[in-house]
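Quick notes on the structure that follows.
The values are calculated or read from the model by the stated rules, or taken from the named source; none is laboratory data. Source: prediction; values computed, not measured. Positions of Cβ are backbone-derived with ideal geometry, glycine not excepted, and every protein chain shown enters the neighbour counts. Side chains are part of the model used for accessible areas, which takes the heavy atoms of the whole protein and leaves out ligands, DNA and RNA. Shrake-Rupley method; radii C 1.70, N 1.55, O 1.52, S 1.80 Å.
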Amino acid sequence: MSKTKHIHKYQKIPSRYSSVWSCALPDCNHHMPKHMEHMIEGKSTICWGCNEPTTLDSDSMNCISELRPEVNEPLCDKCRFKKKTGVTPDLDKLAAMFGEIE
Ligand SMILES: [Zn+2]
Ligand SMILES: [Zn+2]
């Protein structure tokens, strides 16, 4: 396991019996044990769209991978907006729509 401190790039991969949130970065074995899964909300992750840090919330955790429909790949507000509408959002407009953006 890498000792380098980083923000995990979470993805949720289904396995035979259940699905587990784990870090997709090379050299990182981090995963969220099933019994601790309720703690994952609010944690930092790397956005699968823009590779910027974002927070896991109920919306980002429900983003489905385009290439692997069985996998959840969290997206930030901006990338979710882009995915939905096909346009890159104007951050000011987005802030007005969704409230504050970090
Ligand atoms: Zn990691
Ligand atoms: Zn993003």
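Annotations
- 10 Å beta-carbon shell around TRP48, net charge (K/R +1, D/E -1): -1
- Using θ = phi - 60° in the Karplus curve 6.51 cos²θ - 1.76 cosθ + 1.60, the 3J(HN,Hα) couplings for segment 55-65 round to 10, 6, 9, 4, 6, 5, 5, 9, 6, 9, 5 Hz; x is entered for Gly and Pro.
- Pair-distance distribution of the chain: all C-alpha pairs, bin width 5 Å, starting at 0; shares per bin in whole percent are 2, 12, 22, 25, 18, 11, 7, 3, 0.
- 5 angstrom amide H check on LEU25, placed H, neighbours 5+ away: LYS9
- Split the accessible area of the chain by element, probe 1.4 Å, and carbon with sulfur accounts for 53%.
- A Gaussian network model of the chain, with springs between Cα atoms under 10 Å, assigns the largest mean-square fluctuation among LEU25, LEU67, LEU56 to LEU67.
- Close amide H pairs (under 5 Å, H built 1.01 Å from N) link LYS43 with LEU56, residues at least 5 positions away or on another chain.
- Whole-number percent relative contact order across the chain, with pairs defined as alpha carbons under 8 Å at least 6 apart: 20
- Reachable lysines, given that their alpha-carbon falls under 19 Å from the alpha-carbon of LYS78 and they are not under 8 places away in the same chain: LYS9, LYS43, LYS93
- 5 angstrom amide H check on VAL71, placed H, neighbours 5+ away: SER65
- Taking all protein chains into account, the per residue accessible area for segment 10-98 stands at 64 Å² (1.4 Å probe).
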